[in-house]
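Before any comments, here is the structure.
The values are calculated or read from the model by the stated rules, or taken from the named source; none is laboratory data. All of these numbers come straight from a predicted model, not from anything done at the bench. Glycine gets a Cβ as well: all are built from the backbone with ideal geometry, and neighbour counts include every protein chain shown.
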Amino acid sequence: MTAPIIRTKADLHALTLGWRRAGEVIGVVPTMGALHEGHLSLVAAAKVGCDRVIVTIFVNPKQFNDPKDLEDYPRTENEDARKLARFSVDAIYVPDPDQIYPDGFSSTVSVAGVADELEGEHRPGHFDGVATVVTKLFTQTMADKAYFGEKDYQQLQVVTRLSADLDLGTEVVGCPTIREEDGLAMSSRNLLLSDRARIKAPALNAAMERAKERIEAGEDMTTVLGEAKAQVLAAGFNAVEYLELRAVGTLAAVTTLEGPARLLAAAQLAGVRLIDNIAVG
Ligand code: AMP
């Protein structure tokens with residue numbers, strides 16, 4: 001069944017009021033659209049964990065530090081609604097921009113610590129944009145649970161911190177990364193890859209998997225990470241922004257593998273920025 005598409009917060013409140021009065025558990029899956037199996041896995045998890053599921057689609061200008069990236073970002077609303085039909089979600093919230101950022105909007109939510117490095121360093125302002133829109137979406141939907149992908153591992157940590165710090169009352173649930181058969185993490189940005197670039201793209205994950213094995217086998221971390229970056233570049237990527245091992249949760253730098261860690265990377269391929277991360281240890 002096709003879910004109603006809601007475009008204003010007033011209509012959203014009208015819809016969710018009855019659910020809340022009935023004590024139903026409301027789940028939200030925040031997305032920027034161009035839905036793929038990665039997003040749909042979050043929807044499936046929300047359907048299992050909640051009585052009502054709202055999928056939000058909003059290409060949030062505040063989290064784009066590059067105007068060209070915002071302009072190029074794929075927008076496929078009709079197709080997205082069709083893909084959601086098989087999950088019988090209860091609402092698709094596609095807010096008009098003024099429902100999120102009305103005239104005169106001047107507040108920013110900023111998370112320190114876990115948001116500072118990696119993506120925070122390479123995409124200035126990105127996590128302020130994410131934290132601000134997520135705060136708005138959590139308060140507008142009044143969701144009990146929100147589903148986020150480990151694909152954006154640092155974002156998952158930032159949003160978890162944010163919801164706890166501000167008592168937003170929304171439990172953040174992390175879900176595993178869904179990949180193409182060749183290991184490439186599914187991403188809306190993959191649509192922007194040329195056929196030639198698409199063939200090269202799995203090299204990022206492949207290099208990370210090799211590095212993971214070597215680090216777990218006790219090899220020198222600096223050597224392994226240096227070689228992994230070189231492999232990514234040799235496969236045809238234009239730049240590796242970072243490829244680093246960090247502690248789970250806090251994302252603090254680690255120099256030796258002492259506990260569960262995460263290998264995180266961002267790299268540029270033919271004008272498209274790809275990110276990935278995997279568990280190590
Ligand atoms: P986006 O539309 O890129 O903002 O992503 C919306 C949500 O889907 C975020 O929580 C992402 O982490 C999640 N997501 C994106 N790609 C994947 C994937 N390949 N596997 C699992 N979750 C994903």
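Here is a list: Leu233, Leu192. Which entry is touching a Pro at 6+ places or on another chain (Cβ under 8 Å) and either within 13 Å of the ligand (Cβ to nearest atom) or more than 30 Å from Leu40 (Cα to Cα) (or both)?
Values: Leu233 fails: touching a Pro at 6+ places or on another chain (Cβ under 8 Å).
The conditions single out Leu192.
The residue list Pro30, Pro74 contains one member that is at pLDDT below 95 and closer than 20 Å to Ile178 by Cα, which is Pro74.
Among the residues of the stretch 68-123, those identified as farther than 17 Å from Thr8 by Cα, among the hydrophobic types (A, V, I, L, M, F, W, C) and loosely packed, with under 15 Cβ neighbours inside 10 Å are Leu70, Ala85, Ala112. If you go through the stretch 151-205 and pick out every residue that is in contact (Cβ under 8 Å) with a residue 24 or more places away in the chain and within 19 Å of Ala261 (Cβ to Cβ), you end up with 14. For Thr139, the criteria (1) in a loop (DSSP other than H, G, I, E, B); (2) more than 12 Å from the ligand (Cβ to nearest atom); (3) touching a residue at least 24 places away in the same chain (Cβ under 8 Å) hold in every case but one, which is (1).
Note on the stretch 248-279: residues that are over 26 Å from Asp66 (Cβ atoms) and of a type in the set (Asp, Glu) amount to 1.
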